[in-house]
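Structure, as structure tokens:
The values are calculated or read from the model by the stated rules, or taken from the named source; none is laboratory data. All figures in this text were calculated on a predicted structure; none of them were measured in a lab. Cβ atoms come from the backbone with ideal geometry, glycine included; neighbour counts cover every protein chain shown. For the accessible areas, the whole protein counts, side chains as well, though only heavy atoms, and no ligand, DNA or RNA atoms are used. Shrake-Rupley method; radii C 1.70, N 1.55, O 1.52, S 1.80 Å.
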There are 4 protein chains.
Amino acid sequence: MSVISVGIVGGTGYTGVELLRILLRHPNAEVKVLTSRTENGRRVDDMFPSLRGHTDLQYSDLNLDELKKCDVVFFATPHGVAMKHAEELVAANTKVIDLAADFRLQDLAQFEKWYGLDHACPDLLKDSVYGLSELNRDKIKQANVIGNPGCYPTTVQLGLAPVLKADALVKPESIIIDAKSGVSGAGRKASLGMIYSENADNFKAYGVAGHRHHPEIVEALENISGQKGVFNEILFVPHLVPMIRGMLSTIYIDLTDAGAEADLQALYEQFYANEQFVDVMPAGSSPETRSVRGANQLRIALYKPQPKKLVILAAQDNLVKGAAGQAVQNMNLMFSFAEEAGLQGIGLLP
Amino acid sequence: MSVISVGIVGGTGYTGVELLRILLRHPNAEVKVLTSRTENGRRVDDMFPSLRGHTDLQYSDLNLDELKKCDVVFFATPHGVAMKHAEELVAANTKVIDLAADFRLQDLAQFEKWYGLDHACPDLLKDSVYGLSELNRDKIKQANVIGNPGCYPTTVQLGLAPVLKADALVKPESIIIDAKSGVSGAGRKASLGMIYSENADNFKAYGVAGHRHHPEIVEALENISGQKGVFNEILFVPHLVPMIRGMLSTIYIDLTDAGAEADLQALYEQFYANEQFVDVMPAGSSPETRSVRGANQLRIALYKPQPKKLVILAAQDNLVKGAAGQAVQNMNLMFSFAEEAGLQGIGLLP
Amino acid sequence: MSVISVGIVGGTGYTGVELLRILLRHPNAEVKVLTSRTENGRRVDDMFPSLRGHTDLQYSDLNLDELKKCDVVFFATPHGVAMKHAEELVAANTKVIDLAADFRLQDLAQFEKWYGLDHACPDLLKDSVYGLSELNRDKIKQANVIGNPGCYPTTVQLGLAPVLKADALVKPESIIIDAKSGVSGAGRKASLGMIYSENADNFKAYGVAGHRHHPEIVEALENISGQKGVFNEILFVPHLVPMIRGMLSTIYIDLTDAGAEADLQALYEQFYANEQFVDVMPAGSSPETRSVRGANQLRIALYKPQPKKLVILAAQDNLVKGAAGQAVQNMNLMFSFAEEAGLQGIGLLP
Amino acid sequence: MSVISVGIVGGTGYTGVELLRILLRHPNAEVKVLTSRTENGRRVDDMFPSLRGHTDLQYSDLNLDELKKCDVVFFATPHGVAMKHAEELVAANTKVIDLAADFRLQDLAQFEKWYGLDHACPDLLKDSVYGLSELNRDKIKQANVIGNPGCYPTTVQLGLAPVLKADALVKPESIIIDAKSGVSGAGRKASLGMIYSENADNFKAYGVAGHRHHPEIVEALENISGQKGVFNEILFVPHLVPMIRGMLSTIYIDLTDAGAEADLQALYEQFYANEQFVDVMPAGSSPETRSVRGANQLRIALYKPQPKKLVILAAQDNLVKGAAGQAVQNMNLMFSFAEEAGLQGIGLLP
């Protein structure tokens, strides 16, 4: 069984430690390099005692020569880091999977508007692949650079793909996404807004006037549906839930006459029949976030509370299928490993 | 200062103890009778130690003669209890405030469909008043029987009243209510679905196929707007948040051309200018449930993320403005007390 | 009814906003000055929307001339601030209540060891009074400067005072305090260790090797018992509970023969018979922190699981009886107001 | 690689679903039978959607003939069930692992006192082995019936074994165990005391006057130390933490002169040097429960805040090392599988 060398840039955040949780038990991968701007020389299990007994890895400063020895490098960094190093890594035959936004948006104007950055490698961006594993599997297999999707956009795309790829079942401009996320989605950062006493026993919306995942969703839905320009007015309102992990998007969409008559439950079940990480639940179900806690799984349920209105519920663990798990799923595709390698853990319930 | 005698039927649930928390500090009310089917003779502060030092009340069996001596009786009971006793109490000149659903719906067919009960006093129902304090103030002042609104419907009505009462600003059939509630909304009941380990660190939708508050919302919006039949297809999807108290409704609605041009922020501020328990927050705000924890307050914020789409955020404490607080507010109106009497507590933050 | 002018220095932390929650509803106090190093000119209800509708106060820079116009100034600041300004305020006839540690320890060496600060006004320190309201009531009434007790020490002193003041019932050197606090006790600070995802669904001890409240507890128990030197080896181990507010100390102590024979339940009930803010619960009770959530109350229960071992459970809200509530209680004493003025709110349960 | 057949009696509780989470990914085990008194015919993944995609198992009524075909049967049932069937299973050459208390206490009087049951098979009890894997490994390998330890006793035994097995380092009668558990330890039962709104944002002690794990701890410590009668007066006070999983015991013990001089950190590290599921953390560490969330791991840290007093912190996931994980560890020993088979999952942090 082949084993590849893996580097992780930015190993002190939640996606970094989640990558480690998965990769340290992965049969085909060995993490060789783990970088941090601030923790050079420190053992990672000193910072994250959950890893004690599983690894002797230490953080090192970012050293491109060391990273180039890896077969693949994950960037679990803030936006703007991966794009600085991706060209040099790809030139050295090292594949790149960026968990930030550098390779998510093909529209450079949108990228610069929402992330405040000039793109460092627009040519490489064109060759990069958007890593929504189930929808772009063939391209991912050939890719050198992956832009791993945002957590919210993953739920929206997998939640909507079956009806958007079908012919004229829905009115695309009617889409409303009321999304809810656990607090870990905001990362591991010292900020007042994230402290326990500001978030526990509390619920609120945020980013109502505009959120970075909105343009990503629009671009992705255009690609899925092949329809340009019809998604610009969709609404996306994220909310913050007092829980660590978990994300649920409640998606509302108007059906056409054809959509109202279609058997959408069957459509979804068929669409995802061969997907082990997307679960279309039986009619009447309600996917709970705890049912995917720690698992690389997205669960979907459908409702038609009115004849021409469809409600789609899509739940995932934001750190797994919404981030590190999907990144490893993409790695598995890129290196022709079993797609489920390292990703078969069962969700932690209760 | 006049002081009235108060009875509470059903004092072992969360609305019951919340009524006590408010009424035991109310300058114009004295709780004389507190009933329970199961706890006859037990001190209430034995069951709820938060009340130790504030009352010597004991639970008694329901005794109508005792209740008739009260000026007002609150029913903090399951659906179907208040309607059995209301006529006799009213005949004895005792006012009735029901916190359950017996006097919420004028449409008997809907009541029987959703609550599975024949109504025990349809005539009295006709004379009863729906106790949304801000919208029905004048009628409440004259009422003998109040149907205290459901928690979700309170957020929806106060959230929508300004635009629905204005002329042709919105498309009423487009309303989507994505609502979120803390767990206390489900009451104090021994049921598997409500235990800690099933709800903590979890998020889910429920009642997507149909919820009892849907017909209440439809009837109430018809009354507010004066438009019959246009709200039947609105969507209402409640979700369960891992917090004790708190409720946020995110309401989506399509604007007409007139609505798109109107200054809705000003409209709302004006509409609620004299309301001390409804707070229209400044543009750009996001009402957090913790900002109303324990307070008889509903906070609203408005967004127009698209020119013709309005997003309304409405937050309250489900046990206060969504239940016991509003009930006391109605009592204050019925007895011509200061509307804020007993209700001026500041929310507990953090 | 007399009304005094109040200043609060440091109004952006949790004790600051809790002081406001209490004082804005206090019949004898009006907050005139509210300072912040960073928020000059900002409305306090913009930072804490729970206060919307209750105040128009704005933050100002610390200005001693303004503070001197107040009858009393609360310092809800980090350690080391109050001692810089206390002398000047007292000279201007303004009383000072410090919620930090500047006036808690008479032993200057201990203060400098644990807080790393030279004391700025050791003479004033000698004249200051340690503000454990129930135990030092007479001195507090005469005081110009109050050192408001730490949250943990409050539970320990009130939990132990009855047996320590009695003659030879316990072996003082055997005391073990296993204490647990909600996260708000650590304040409102942007630090990694305090963020939601690091504290939710988690439990741990901290400060096991040494905690600042240890010397305060030792000094206080010496004063209570009149015995010097016998408490140096007591153990104090604090733990962090995933809840916002609340503190429970479980105190273990060996009884002497006399203690084993004494009726300790009666002793405690008698000791606190006239105290409205200390509640000795019936034998067999277990004080829950939620029973005091938001209330200025400490509840105690006693157990003798072995003939010569006493277990004392003492619960309070760390922000109320453990901080802001006790500070206001002290203010009431200092100005001869009713001791319960502003402090009669009932705990928020659930 | 050999694969054994496994039965689980009582598959609707938290230890049952945790056994499934572990065993469905175990290389040497296949769950063939899963019983429930109430859910006969229902798919287990309908009740626990976290298992969707991992199993087609259905619940069946308890049928001894089916269970006898298994190599091992786990009882994840209330106390009193396993003892009724164990003899017949053992006679059929099926091993039994009881996760309840039927085979924990050799002292029948204590069993009957604390569990209110006559023991159904006292002879088999004598042959059964107490399944604290690290301490009784050799006997477990030979056992037909295992009494899987209680969650609290596991932390206490592993926390104390090194000093109790050493000669005269501690004063055994001085032991105080202040223990804290997440709510899942109380099981999956519909009871008022366990509902979300009664436990969230709350902390309390329980069972102070006596807890079933006290006699188990006493008997176990006698066996570990070889000293009878010296542990009868130890204190054990459990507390309930608002978290789902996790348990921390803070253990206080007086050292002898020899103990005060010994290098206890080295003693512990040596004692557990070859144990992969017991982690002695470096001096100064504080084991957090989240560091073992979902992992079969117990972490220990030691403190000597006073020369002759030892504080031991021992953290585990109550459902894993405290229940299902240790049960599988015992199964691995009984069938000569790798002890870590199925148990290498890394804790879920955050």
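Here are some notes:
- Angle between chain D longest axis and helix D:213-225 axis [Cα atoms, degrees, rounded to 10]: 60
- Solvent-accessible area lost in complex, 30 Å² minimum, residues of the stretch D:306-350 relative to chain alone, 1.4 Å: D:Gln306, D:Lys309, D:Gln344, D:Ile346, D:Leu348, D:Leu349, D:Pro350
- For chain C, built as a Gaussian network whose Cα springs stay under 10 Å, the top-fluctuating residue of C:Pro27, C:Pro162, C:Pro215: C:Pro27
- Counting only DSSP beta bridges with both residues in the stretch C:30-185, the antiparallel share comes to about 10 percent.
- Per principal axis, descending, Cα span of the stretch A:147-217 in whole Å: 48, 26, 19
- Amide N proximity, the stretch D:303-342 versus D:Glu233 label position 7 Å along Cα-to-Cβ, cut-off under 19 Å: D:309-310
- Accessible area in square angstrom per residue, the stretch D:4-127, 1.4 angstrom probe: 41
- Copies compared at D:Asp65 - label distances in nm, ascending, label defined 7 Å from Cα in the Cβ direction: 6.5, 7.4, 9.9
- Summing charges over all other residues whose Cβ lies under 10 Å from the Cβ of D:His79, with Lys and Arg as +1 and Asp and Glu as -1, gives 0.
- Burial of accessible area (probe 1.4 Å, heavy atoms of protein chains only) in the stretch D:170-197, relative to its chain alone, reaches at least 50 Å² for D:Ile176, D:Arg188, D:Ala190, D:Leu192, D:Ile195, D:Tyr196, D:Ser197.
- The C:Ala120 and C:Lys189 beta-carbon pair, evaluated with R₀ = 30 Å, returns a calculated FRET efficiency of approximately 0.80.
- Shown in residue order for the stretch A:330-337 are the 3J(HN,Hα) couplings computed by the Karplus curve 6.51 cos²θ - 1.76 cosθ + 1.60 at θ = phi - 60°: 5, 4, 4, 5, 5, 10, 6, 7 Hz (x for Gly and Pro).
- Paramagnetic reach from B:Asn63 in the stretch B:29-44 [backbone N under 14 Å; point 7 Å along Cα→Cβ]: B:32-36, B:40-42
- Residues of the stretch A:30-63 with amide N under 17 Å of the 7 Å Cα→Cβ point at C:Tyr206: A:47-49
- Normalising the average separation of contacting C-alpha pairs (under 8 angstrom, six or more residues apart) by the number of residues puts the relative contact order of the stretch A:152-317 at 31 percent.
- Under the Debye formula (equal points on every Cα, no solvent term), log10 I(q)/I(0) of chain B at q = 0.09 Å⁻¹: -0.47
- Between B and A, buried accessible area from a 1.4 angstrom probe totals roughly 3700 Å², ignoring ligands, DNA and RNA.
- Measuring nothing but how far apart in sequence close Cα pairs (under 8 Å, 6+ apart) lie, relative to its length, chain A scores a relative contact order of 17 percent.
- Near A:Lys113: Cβ cut-off under 14 Å, other residues only, Lys/Arg at +1 and Asp/Glu at -1. The net charge is -3.
- Computed E for D:Asp46/D:Asp127 - FRET, C-beta separation, R0 30 angstrom, nearest 0.05: 0.20
- Whole-Hz couplings from phi, Karplus 6.51/-1.76/1.60, listed for the stretch A:282-288; x for Gly and Pro: x, 3, x, 7, 10, x, 9
- Over the stretch B:261-345: Rg over Rh, Cα atoms, Kirkwood Rh: 1.04
- Accessible surface area normalised per residue over the stretch A:199-322 is 29 Å², counting heavy atoms of protein chains with a 1.4 Å rolling probe.
- Shown for A:Asn40: label points 7 Å from Cα along the beta-carbon vector, and their distances to the equivalent points in the other copies, 4.0, 6.9, 7.9 nm in ascending order.
- Ranking C:Ile146, C:Gly207, C:Ser181 by how far each Cα lies toward the positive end of the dipole of chain C (charges on Cβ) leaves C:Ser181 at the top.
- Annotation: amide H of D:Val280 within the under-5 Å range of D:Ile300, sequence separation 5 or more or interchain, hydrogens built in the peptide plane.
- Surface share of carbon and sulfur [accessible, 1.4 angstrom probe, percent] for the stretch C:152-318: 47
- Largest to smallest accessible area among A:Lys321, B:Lys126, D:Lys309 [probe 1.4 Å]: B:Lys126, D:Lys309, A:Lys321
- Accessible surface ranking that places the most exposed of C:Leu221, C:Leu64 first, with a 1.4 angstrom probe: C:Leu64, C:Leu221
- Net +/- balance of residues flanking D:Ala323 in space, Cβ distance below 13 Å, scoring K and R +1, D and E -1: +2
- Where Rh is the Kirkwood radius over Cα pairs, Rg/Rh for the protein assembly as shown: 0.96
- In Å², nearest 10: area of D:Lys204 left accessible to a 1.4 Å probe: 50
- Across the stretch D:111-128, computed HN-Hα scalar couplings (Karplus, 6.51 cos²θ - 1.76 cosθ + 1.60, θ = phi - 60°) run 4, 5, 5, 8, 10, x, 10, 6, 6, 7, 8, x, 5, 5, 3, 4, 7, 6 Hz from first to last residue, x flagging Gly and Pro.
- Axis-nearest residue in chain A [Cβ, rotation onto B], distance in whole Å: A:Asp178, 2
- In chain D, helical runs assigned H by DSSP with n ≥ 4 each contribute -39500 (n - 2.57); averaged across all residues and rounded to the nearest 500, the mean residue ellipticity at 222 nm is -8000 deg cm²/dmol.
- Pseudo-label separations to other copies for A:Gln106 - Cα-to-Cβ vector, 7 Å, nm: 5.7, 7.4, 7.8
- Think of each Lys and Arg Cβ as +1 and each Asp and Glu Cβ as -1; about the Cα centre, that makes the dipole of the stretch A:102-200 roughly 280 debye.
- Springs between Cα atoms under 10 Å define the GNM used for chain A, and in it the highest mean-square fluctuation of A:Glu219, A:Glu88, A:Glu198 occurs at A:Glu198.
- Its relative contact order, with pairs defined as Cα atoms under 8 Å and 6+ residues apart, puts the stretch A:260-334 at 25 percent.
- Rule-of-thumb Rg ratio for the stretch A:4-127 [Cα; 2.2 N^0.38 Å; N residues]: 1.07
- Drop in accessible area of at least 10 Å² in the complex versus isolated chain, residues of the stretch B:267-286, 1.4 Å probe: B:Asp279, B:Met281, B:Pro282, B:Ser286
- Taking all protein chains as shown and a probe of 1.4 angstrom, C:Glu233 keeps an accessible surface of around 100 Å².
- Given charges at beta-carbon only (K, R positive; D, E negative), |dipole| of chain A in Debye: 660
- Ligands, DNA and RNA excluded, the heavy atoms of A:Trp114 present near 60 Å² of accessible surface to a 1.4 Å solvent probe.
- Computed over the stretch A:152-317, the range of Cα coordinates on each principal axis works out to 49, 32, 27 Å, biggest value leading.
- Anchor D:Lys189: lysines whose Cα lies under 26 Å away (excluding residues fewer than 8 positions away in-chain): B:Lys180, B:Lys189, B:Lys204, D:Lys32, D:Lys84, D:Lys113, D:Lys180, D:Lys204, D:Lys321
- When the solvent-accessible area of the stretch C:60-109 is split by element, carbon and sulfur atoms take up 47 percent of it, the probe being 1.4 Å.
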